[in-house]
Amino acid sequence: MPAVANYLTMETVLIKTVQLFLSLSILVIIHECGHFFFARLFKVRVEKFYLFFNPWFTLFKFKPRSSETEYGIGWLPLGGYVKIAGMLDESMDKEALAQPPKPWEFRVKPAWQRLCIMVGGVLMNFILAFFIYSMMALAWGEEYLPMKNVKMGYVYNDAALKAGFQNGDIPLTADNVPLEYSDGKTFLSIVAAKEVTVLRNGETVTIHLPPDFKKVVFDPEMILVERFPFVIKEVTGGSPAQKAGLMAGDSIVGVNDTLNLSAYEIQKLLAENKEKEITLDVYRDNQLLSLPIVPNEFGKIGVALKRAEEFYETVRVQYNFFTSIPAGVRIGMNTIKMYLSQFKFIFSKEGAQNLGGFGAIGNLFPSKWHWPSFWQMTALLSVILGVMNLLPIPALDGGHVMFLLYEVITGRKPNEKFMEYAQIAGMIFILGLILYANGNDLFRWLSSK
């Protein structure tokens, strides 16, 4: 659960946008560097190296005197590309392919070399994720919140409550496998399980999950979040909280005289009562106060909260340079496994409805600049970019790899006309997917109004 109940301002939007822009720029450059490196390794000429696409015009470009490559920045921030000589790519430069093959072209190289060039981008994305996780482990270590330490238990969404969970339950095992830490791995283990045991009022209870429980992976509400008090850490100037007289250190314990609520439950009630006057039950200096407040149009009041880790005992592991590298690889591999286990749910009705575009991705970044969070998100996006690019869709790296594997197995190149039509179809599919995902963002934003 987010530790901050954000008061959405133009500053917040700007900070999220800059983080998204910087993160994607890093990922695109590193990805294209992978293609560039292997192309040059096998003496294939790279004609262009661009951050973002540049249909019709270019924002910036230059070509060093001793280089065969033009470097530039396009105006359409949907990715980037390297234009490799003798290859049918997004540029659809069929005229160049109609000329006699040159020794420096992609098409004359052995299939295994062309395969290396195509997987180079994905490889660099995975290496980048491992590197970021390693450096984060070195700089900040790892902090775990053992589930058994969450003494107040967890709050569950409606689907989980319907399946048999109760607020306050502490999950113990999923299909007899112990659940140790409050993290994404535990979440996916519960989603994929047939039965889960929980600690409820001091007793162990087994919950048999229904077959369709896996759909909760697409629920906009988290399946479970830690229960902890709503204690204010900071009040934003000019926010509804400041106008209502809330102060740092205040503990909100209820809404409209419904007491003993957790931070998550209070945030949910605030969202349900946006732009309506409600009464907050506030504990301050051993006194219970009732303060009227009107949450803004987003259901926020403009406060930062203390995190769950500030109420419960955590486990922290520190690493040196040599131990941080295997730790980063381990974290990266676990992230890939978790994403792949969740990825299979995308190809369903619920998955399609919950696809998100740039708005959804940008909203995952924190509202205040926080380097650990920024690099955590960048590493995750690097994993996602790597996995997505391996999909066997023409116009993606995975599509080129699919055709190359066909060539390796059969000893014949696919028909050039077929490749051309497949490339066009792949580009149309990808563009449609981008429009659909961003359309979902727009629809969700309009629905929240």
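The values are calculated or read from the model by the stated rules, or taken from the named source; none is laboratory data. Given the structure is predicted, the values throughout are model-derived calculations rather than measurements. Methodologically, a virtual Cβ is constructed for each residue, glycine included, from the backbone with ideal geometry; neighbour enumeration extends over all protein chains shown. SASA here: full protein model, heavy atoms, side chains in, ligands and nucleic acids out. Shrake-Rupley method; radii C 1.70, N 1.55, O 1.52, S 1.80 Å.
Observations
- Residue that is nearest to the chain's Cα centre (by Cα) [pool: residues in the stretch 184-197 that are outside any helix (DSSP H, G or I) and surrounded by 16 or more Cβ atoms within 10 Å (Cβ to Cβ)]: A193
- Any chance G254 is crowded, with 16+ Cβ neighbours inside 10 Å, out of contact with any helix residue (DSSP H, G or I) (no Cβ under 6 Å at 6 or more places or on another chain) and over 29 Å from S367 (Cα atoms): no
- Subset of the stretch 257-270 [of a type in the set (A, V, I, L, M, F, W, C) and exposed (fewer than 14 other Cβ atoms within 10 Å of the Cβ)]: L259
- Only listed residue being surrounded by 15 or more Cβ atoms within 10 Å (Cβ to Cβ) and modelled with pLDDT of 95 or more, chosen from I331, I325: I325
- Pick from the stretch 219-249, criterion in a strand (DSSP E or B) and of a type in the set (D, E), ranking: most open to solvent (accessible area, probe 1.4 Å): E234
- Neighbours by Cβ (under 8 Å, 6+ apart or cross-chain): first from the stretch 323-343, in contact (Cβ under 8 Å) with a residue 60 or more places away in the chain; second of a type in the set (D, E) and outside any helix (DSSP H, G or I): A327/E142; I331/E142
- Reported count of residues in the stretch 150-167, each being open to solvent by 40 Å² or more (accessible area, probe 1.4 Å) and polar (S, T, N, Q), is 2.
- Residue check, T279 open to solvent by 50 Å² or more (accessible area, probe 1.4 Å), part of a strand (DSSP E or B) and without any contact (Cβ under 8 Å) to a residue 40 or more places away in the chain: no
- Note on the stretch 198-218: among residues that are in a strand (DSSP E or B) and of a type in the set (A, V, I, L, M), the one that is farthest from N334 (Cα to Cα) is V205.
Yes/no matrix, rows are residues, columns are (1) open to solvent by 30 Å² or more (accessible area, probe 1.4 Å); (2) among the acidic types (D, E):
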{"site": "P101", "(1), (2)": "yes, no"}
{"site": "V108", "(1), (2)": "yes, no"}
{"site": "M118", "(1), (2)": "no, no"}
{"site": "A137", "(1), (2)": "no, no"}
{"site": "K148", "(1), (2)": "yes, no"}
{"site": "D169", "(1), (2)": "no, yes"}
{"site": "D175", "(1), (2)": "yes, yes"}
{"site": "S182", "(1), (2)": "yes, no"}
{"site": "L199", "(1), (2)": "yes, no"}
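- I252 satisfies every condition listed in (1) in a loop (DSSP other than H, G, I, E, B); (2) in contact (Cβ under 8 Å) with a residue 12 or more places away in the chain except (1).
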